[in-house]
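Below you'll find the structure, written out as C-alpha cells, and then a few comments.
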Amino acid sequence: MATLLARKAGGEIILLNVIYDSRESPLLPAIAMGSVADSLDQKRKETLARLKKFAETNPLVKNTLAEFGEAHQVILEHEASCDLFVMGTKGIHGLSGALVGSVTLRVLRKATVPVITVRDKVPKDISKIVAATDTSEASGKALNAALSLAKATGAEMIPVYIDTIANYVSEGKVYWQRIVDRVSAISECKECRIYPSDSPVKGIIEFAEREKADLIVVGAQGLSGIREVVGSTAIGVMSSAPVPVMVV
C-alpha cells in the first residue's frame, strides 16, 4: 500500500521495524543481560538486512530502520518526518477493537498525521476514495485530508453521510441540502451523498463496496471529541472493511 501511494503521489517510503527491547523487562536477571544484548544486536542486523534487500527491489524506499523500544512510541517519534503512516491491523484476539491490533490503536490515539490501515488486500490502484462524515468538526478534517489525497493521486473522492434514522426518506431534498450545507461549512467539499443504513459501520462499508472504492477515509474521534478516544465507527470500519482505511 505504501508503494502504491508513493508512486501515485510522487512520495518516498521509510521502512521501519521496531524490535521489542527485552532488556527493559524487570524480570530479566542481571546475569542474562549480556547474552540478551548480543541476541538483540544480531536480530537488529538480520532485520536491517531483510529491509535493505527489499529496498533494493523498490526504488521508492528512501531509508530502512530497525529500532528498539515500544512499537507505538518509536513509530510516533518519526511522525515529524512523514506525511502519513501505513500499518497493518493484525490483532491477537478475536474481540472487537483487538482485531485492529493494540499497536495500531495506540498510534491512532496519538498520531497527528493520517494513519492508513491495511487489513486484507491492497488495491491495484487508487482511483476512487470514499470519505465518511457525521458532519462534526472533527470529520471535516477527515474530508479535507481525503480531498488532498485524491488530488495527489488523481483519484475521485466521494463524501458520504450515513443516515441511520431515515431522515432522508421522510424529508428528501430538504434534508439532503442541510447535510450538504453542513459539510460545506466544515470542509472544502461542496457535495455529499446520503446513504441510509441501520448502523454507520455497515453503511460506510456497504456504500464503499457499491461504489467500488479503493480506500475509505474516516475520522478518528468518537462522540467525545477527544483524540485519545478512537471512535467505535473508526474501529468497526477498520476491523471489517475489505479495502484499506485512512483514519484522520
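Bear in mind that the values in this text are calculations on the coordinates, not laboratory data. What you see is a predicted model; the values in this text were computed from it and never measured. Positions of Cβ are backbone-derived with ideal geometry, glycine not excepted, and every protein chain shown enters the neighbour counts.
The table below gives the values:
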quantity: Extension gain from T164 to R178, taking 0.36 nm per residue of separation minus the Cα-Cα distance; calculated: 3.5 nm
quantity: Of K128/K202; K62/K124; K43/K124; K52/K212; K121/K190; K8/K212, pairs whose Cα-Cα distance is over 24 Å; calculated: K43/K124; K52/K212; K121/K190
quantity: Residue exposure sequence - L40, L143 - by fewest surrounding Cβ within 10 Å; calculated: L40, L143
quantity: Pairwise FRET efficiency - R7 versus S199, Cβ, R0 = 51 Å, nearest 0.05; calculated: 0.90
quantity: Gain in span if fully extended, K45 to S240, counting 0.36 nm per residue against the direct Cα distance; calculated: 66.6 nm
quantity: Residue among E171, E191, E79 with the largest mean-square fluctuation in a Gaussian network model of the chain, springs linking Cα atoms under 10 Å; calculated: E171
quantity: Linear extension gain, A152 paired with Q73, 0.36 nm per residue minus alpha-carbon span; calculated: 25.6 nm
quantity: Proxy reagent accessibility, fewest Cβ within 10 Å first, across S102, S81; calculated: S81, S102
quantity: Cβ-derived FRET efficiency at R0 41 Å, D38 paired with D120, nearest 0.05; calculated: 0.60
quantity: Label point distance in nm, S22-K110, each placed 7 Å from Cα along Cα→Cβ; calculated: 2.4
quantity: Neighbourhood net charge (13 Å Cβ-Cβ; Lys/Arg +1, Asp/Glu -1) for T3; calculated: +2
